[in-house]
Amino acid sequence: MKSHIHRRSAQRLLRMCRKNGGCYIKIGQHIGSLEYLLPAEYVQTFKVFHSNAPQTPLDRLRKVIQEELNVSASALLTDFEGEPLGAASLAQCHKAVLKETGEVVAVKIQHPGVMKNALTDMATVDFLVYCASKVFPSFQFGWLADGVRKNLPQELDFRIEAQNMDKCSRLFNLNNINFVKIPKVHIATKRLLVMEYCEGGKINDIQYIKDNKLSVNEISLCVSEMYSRMIYSYGFMHCDPHPGNVLVRRKEGREGVGGGKGNVEIVLLDHGLYQQLTDDFRMTYCKLWDGLMRKDMDAIRVHCLSLNAGDLYPLLACMISARTWNSIERGITKASRSNSEVGEIGTEVVNYFSEITQLLDKVPSQLLLILKTNDLLRSIDHTLQSSSHTHSFITMSKVCIETIGEEDRKWAESLRRSVQAIMITKWKLFLLYLFEWWVWLRPHEFQ
């Protein structure tokens, strides 16, 4: 009965968001990623907005191009495909050819009226959240309204997205991460983005992965390293990795049988929403995950307290890791989440709903988008059904160790301290290397 009521209510909210569009679709997308907070019926219902939002007719999109560039779409583009590559909350994307160069491009065009209605929509969300807090004082949703108010203006300006794409590409290139592809930008205005068209299949398209002889384990490891680098090393994180925004394909020049090392390339799309992490927050979060992976309960407590968790620090650790407290105490690298653990987490979300909303209102705003991103990444990993659970933790742990070591060397007060930091880092990486070999030799112990 409860499940039926949740599903019916979710469908009603879905229809309301579709009717209002714009900001409401964006909130719907956020609901579709709140697996740590909302009943599954809401999350599953709203996931449709991740790649199948309402579409705008072509004639209205052509008008946007005309208004942005003062030239007609036909003067700029040929072979403009009527069926969109994807329709999202703020824009939709079409495949076309640049008339001047003959290059195949993806054309991202903002839905007409979205920008005009944004301020009204945000004020409405603020008012609804305020009313909810008065009717239900124990449920705090100010963090949701604050997030929309802060992030929506950035997402509405495609010039910022172009800057994010350029910065992200440079960071990966500087660090020799050659399995991530960021499309090249050709034209960027406030409401129009023309970029390189990249072939590939959605990361949750298992049939595409099989047909192209790609390894789900390697895909999972690539995604793990990509996001570990963005969060812990660069502090510059793409915050919308739903399956429509993450494509996979065989790397050029790697045509061998799938499963071979290095044959996967990840194409990262939709760079409108990024989180720039402060160095203090980045290091606290890095050390927290390092503590979670090492089963260091003192470190977990200390770094959760640094994130304003207070007495609710065990709850925050569970939310960040998406594991029960018992699993954290046993060691989250020992085994992946079982179905019974997933069910237990779902029950605890209901029991601690009030505490969760209060906690989300207290922690740094930087953490909110990380929680959302983590849930989207876990959803991808669940779809892939890879057997690389422990290897993904090893990849993350390697990046965390390197990041902590670099920070220790940076603040070393003497040459001796600097050398000591280097040796400690190398020793930790050596132990991790031995552990990786142990996992490879005895994989049945880590299922």
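Quick notes on this one:
- The listed residue being closer than 26 Å to Ser220 by Cβ, among the aromatic types (Phe, Trp, Tyr) and out of contact with any helix residue (DSSP H, G or I) (no Cβ under 9 Å at 6 or more places or on another chain), out of Phe430, Phe353: Phe430
- Val223 being in contact with a Ser or Thr (Cβ under 9 Å, 6 or more places away or on another chain), farther than 27 Å from Glu406 by Cα and modelled with pLDDT under 95: no
- In segment 370-382, the qualifying residues are those that are over 8 Å from the mean Cα position of the chain (by Cα) and of a type in the set (A, V, I, L, M), and the one that is nearest to Val129 (Cα to Cα) is Leu371.
- Scope segment 206-240; condition aromatic (Phe, Trp, Tyr) and either part of a helix (DSSP H, G or I) or over 15 Å from the mean Cα position of the chain (by Cα) (or both); matching residues: Tyr208, Tyr227, Tyr232, Tyr234
- Flag if Ser338 is surrounded by fewer than 18 Cβ atoms within 10 Å (Cβ to Cβ), modelled with pLDDT under 90 and hydroxyl-bearing (Ser, Thr, Tyr): yes
- Any hit, segment 363-380, residues being of a type in the set (A, V, I, L, M) and in contact with a Lys or Arg (Cβ under 9 Å, 6 or more places away or on another chain): no
- Test for Leu247: is it closer than 30 Å to Asp157 by Cβ and modelled with pLDDT of 90 or more: yes
- Any hit, segment 95-106, residues being surrounded by 21 or more Cβ atoms within 10 Å (Cβ to Cβ), at pLDDT below 95 and among the hydroxyl-bearing types (Ser, Thr, Tyr): no
- Selection status of Gln55, more than 30 Å from Thr347 (Cα to Cα), buried (at least 20 other Cβ atoms within 10 Å of the Cβ) and modelled with pLDDT of 85 or more: no
- Within the option set Leu152, Leu247, being under 30 Å from Leu69 (Cα atoms) and in contact with a strand residue (DSSP E or B) (Cβ under 9 Å, 6 or more places away or on another chain) holds for one residue only, Leu247.
- Residue pairs whose Cβ atoms lie under 8 Å apart, separated by 6 or more positions or on different chains, with the first residue in segment 328-344 and free of Cβ contacts under 8 Å to residues at least 24 places away in the same chain and the second among the hydrophobic types (A, V, I, L, M, F, W, C) and assigned to a loop (DSSP other than H, G, I, E, B), are Arg337/Ala322.
- For segment 280-318, filtering for residues that are under 24 Å from the mean Cα position of the chain (by Cα), part of a helix (DSSP H, G or I) and at pLDDT 90 or above leaves 23.
- Hey, Thr78 crowded, with 16+ Cβ neighbours inside 10 Å and either without any contact (Cβ under 8 Å) to a residue 60 or more places away in the chain or closer than 30 Å to Leu377 by Cα (or both) or not: no
- Tally, over segment 171-182, of residues that are of a type outside the set (S, T, N, Q) and more than 18 Å from Tyr232 (Cβ to Cβ): 2
- Just one of the numbered conditions (1) in contact (Cβ under 8 Å) with a residue 12 or more places away in the chain; (2) within 28 Å of Lys334 (Cβ to Cβ) is not true of Lys426: (1).
- Yes/no for Ala162 being within 20 Å of Val246 (Cβ to Cβ), touching a strand residue (DSSP E or B) at 6+ places or on another chain (Cβ under 6 Å) and outside the structural domain of Met230 (by TED's automatic domain parsing): yes
The values are calculated or read from the model by the stated rules, or taken from the named source; none is laboratory data. Since this is a predicted model, take the numbers as computed values, not measurements. All Cβ positions, glycine included, derive from the backbone under ideal geometry; neighbour counts span all protein chains shown.
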